[in-house]
Amino acid sequence: MESVTERLYAVSLDEQDVLGAFRSRFVADDSGLIYLDGNSLGRLPQQTAVRLQRLVAQEWGERLIRGWNEDWLALQSRIGGKMAQLLGAQADEVLMADSTSVNLYKLALTAVLSQNGRSKIITDDLNFPSDLYILQSVAQLTNRELVIVPSPDGIHGPMAALAAAIDDQTALVALSHTVFKSGFTYDMVSVTALARRVGALMLWDMSHSVGAVPGQLTEAGAHLAVGCSYKYVNGGPGAPAFLYVRRDLQEQLHNPVSGWMGQRDMFEFGLTYAPAPGLRRFLTGTPPILSLAAIEPGVDLLLAAGMAQVRQKSLRQTSYLVDLWAEWLRPLGFTLYSPPDAAQRGSHISLGHVEGWRIDRALIEQMNVLPDFRQPNLIRFGIAPLYNSYLDIYTAVCHLRTIVTERLYEKYSRDMTAVT
Ligand SMILES: *Cc1c(COP(=O)(O)O)cnc(C)c1O
């Protein structure tokens with residue numbers, strides 16, 4: 001077998017890859033772009049382009065209002081039901097609606113209000129900023145204390161400190177399953193158990209794990225979850241998010257943004273709100289059908305691949321990138337800002353470098369490699385097992401080496417742009 005730093009090694013890994021054929025199911029131009037940002041915006045599935053053309057030309061163009069009964073009204077629960085398989089949940093526990101931030105607000109607020117007499121909401125400082133802002137708002141509105149437990153190193157979740165903080169005064173524990181900077185991934189089962197042990201509710205944000213790390217919501221007995229469909233699920237820019245409410249809680253909790261789509265008889269247009277039975281009460285208003293329908297082909301691809309296979313390839317690919325880092329990039333001043341233990345990783349690897357921003361610019365503008373960047377100096381390499389090859393990873397690392405050894409980054413400005 002070749003050594004890890006040989007190109008042939010990458011080629012042989014690709015040849016053995018059982019998911020290799022999925023790459024051609026995505027739209028790619030022939031520019032040779034190496035796309036390593038699937039954790040921010042996934043690639044466009046071929047089938048989604050076909051679906052959207054039909055949706056615009058026939059369903060909207062010709063069927064008009066009849067489209068609602070012919071397919072559109074069914075989309076939120078049909079796609080949610082498929083998404084449930086990625087999350088390790090039951091089909092009638094997941095709906096597509098709104099954005100992750102809005103769903104988080106809806107579920108966190110009702111969760112806290114349902115927990116009389118408990119004074120604390122617990123999260124960590126690795127959580128996504130929008131989540132922290134929403135939780136701050138929920139804490140203010142409900143007169144609770146938001147406890148932000150600090151990570152010991154900025155990379156790993158504070159497991160011991162969380163275990164100490166989650167007590168019988170805790171109403172809600174809200175965490176990202178996979179955290180957006182380091183990619184650290186919590187063990188959903190053991191953390192949920194900490195909350196359940198004291199009667200607190202557990203809410204997972206799975207935005208950065210869904211479609212890359214198999215969810216275990218049912219196995220963990222988790223109460224609530226939310227997450228994006230535009231990252232590893234490849235649903236398209238700004239595609240609606242999902243919400244999950246454990247079956248036995250659906251009738252106990254209330255939707256604080258109680259709109260007509262969650263009304264018991266929505267087409268009676270009554271003057272008083274009465275919640276629909278089951279999960280549908282967590283809907284609010286009319287969904288964006290163009291964006292919603294675009295999610296389904298990406299979910300179908302993940303289901304066809306199988307989440308166990310996706311996870312296995314993701315683990316191999318992140319480990320391969322870490323091995324190349326150790327051989328080639330560590331000596332050039334790159335630090336690993338992701339867990340060294342593969343089992344604690346999601347599907348992206350963050351590398352720090354004092355010249356991270358300018359190296360990122362050189363990768364994009366000179367090398368045709370597209371990762372993303374997070375403050376202060378982290379380059380994130382999102383690896384989407386359905387369309388990223390081992391050769392993608394190898395080539396990106398070779399370019400990183402060249403950029404640093406030949407100081408190619410020096411000609412780029414230190415000024416930041418808006419979307420990185
Ligand atoms: C990407 C991401 C979001 C984004 O939320 P939006 O409402 O879609 O902007 C939220 N939380 C986490 C953990 C994320 O990774």
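Note on the chain: helix-only mean residue ellipticity at 222 nm, from DSSP H runs of 4+ residues weighted -39500 (n - 2.57) and normalised by residue number, equals -10500 deg cm²/dmol. When +1 charges are put on Lys and Arg Cβ atoms and -1 charges on Asp and Glu Cβ atoms, the dipole computed for the stretch 289-420 relative to its Cα centre reaches about 220 debye. From the largest down, the stretch 119-265 spans 48, 35, 29 angstrom on the principal axes of its Cα atoms. For the stretch 365-400, backbone nitrogen atoms closer than 14 Å to the point 7 Å from SER31 Cα along Cα-to-C-beta are found at 365-371.
With a/c under 1.5 counting as rounded, go ahead and sort the stretch 28-82 into rounded, prolate or oblate using the C-alpha gyration tensor (a ≥ b ≥ c being the square roots of the eigenvalues; past the cut-off, prolate if a/b is larger than b/c, else oblate).
oblate
Relative to the longest principal axis of the Cα atoms of the chain, the long axis of helix 296-305 lies at roughly 60 degrees. Straight-line reach from LYS106: taking Cα to Cα under 27 Å and skipping same-chain neighbours fewer than 8 places apart, the lysines in range are LYS82, LYS120, LYS181, LYS231. Applying 0.36 nm per residue to the separation of GLU365 and VAL189 and subtracting their alpha-carbon distance, the gain on full extension is 59.1 nm. Placing +1 on each Lys and Arg Cβ and -1 on each Asp and Glu Cβ, with no other charges, gives the stretch 15-96 a dipole about its Cα centre of roughly 220 debye. For the chain, a simple Cβ point-charge model (Lys and Arg +1, Asp and Glu -1, everything else neutral) yields a dipole of about 440 debye relative to the Cα centre. To the nearest 10 degrees, how steeply does helix 100-113 sit against the main Cα axis of the chain, on a 0 to 90 scale? Computed tilt is about 50 degrees. Over the stretch 263-420, the Kirkwood radius and the radius of gyration, each from Cα atoms, give a ratio Rg/Rh of 1.17. Start at zero, step by 20 Å, and the Cα-Cα distances of the chain spread as 26, 55, 19, 1 percent across the bins.
Working from the Cα coordinates of the stretch 250-316, the gyration tensor eigenvalues give, after taking √(5λ), semi-axes of 35, 15, 9 Å in decreasing order. If R0 equals 41 Å, the separation of the Cβ atoms of GLN90 and ALA160 corresponds to a calculated FRET efficiency of about 0.80.
Computed from the coordinates by the stated procedures, all read-outs in this text should not be read as laboratory data. A quick note: this is a predicted structure, and the numbers were derived from the prediction, not measured. Counting neighbours? That spans all protein chains shown, and the Cβs are built from the backbone with ideal geometry, glycine included.
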